[in-house]
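What follows is a single structure, written as structure tokens, with notes after it.
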Amino acid sequence: VGRVHPEWGETVVAVVVTDEGQLLGVDEVRAHLAGKLAKYKIPREVVVARGLPRNPSGKLLKHVIRAEVNA
């Protein structure tokens, strides 16, 4: 999702859900995405969440995730 940035307008933040007890760092996420995304799309920050909010149909509530990241 995008996090408000004063200079660039927005920066990319990865919100990931891991298995319980598993540790995951920014470097690991960036290394995993390096061959899959353009360099400017690779997140500078990683937020680890217990779960992602969904509506009754199972769709992600992106506006809720974005609000939590920007809080």
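Throughout, read-outs are computed from the coordinates displayed, never taken from laboratory work. What you see is a predicted model; the values in this text were computed from it and never measured. Ideal geometry is used to build each Cβ from the backbone, glycine not excepted, and the neighbour counts take in all protein chains shown.
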Within the stretch 38-52, the residues that are over 10 Å from Val15 (Cα atoms) and surrounded by 13 or more Cβ atoms within 10 Å (Cβ to Cβ) are Ile42
Exactly one of Glu68, Glu10, Glu20 is surrounded by 11 or more Cβ atoms within 10 Å (Cβ to Cβ) and not in a strand (DSSP E or B), and that residue is Glu68
Going through (1) in a strand (DSSP E or B); (2) farther than 26 Å from His63 by Cβ one by one, Arg3 fails only at (2)
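Which count do you get for residues in the stretch 53-65 that are assigned to a loop (DSSP other than H, G, I, E, B), surrounded by 10 or more Cβ atoms within 10 Å (Cβ to Cβ) and either without any contact (Cβ under 8 Å) to a residue 12 or more places away in the chain or of a type in the set (Lys, Arg) (or both)?
Qualifying residue count, the stretch 53-65: 1.
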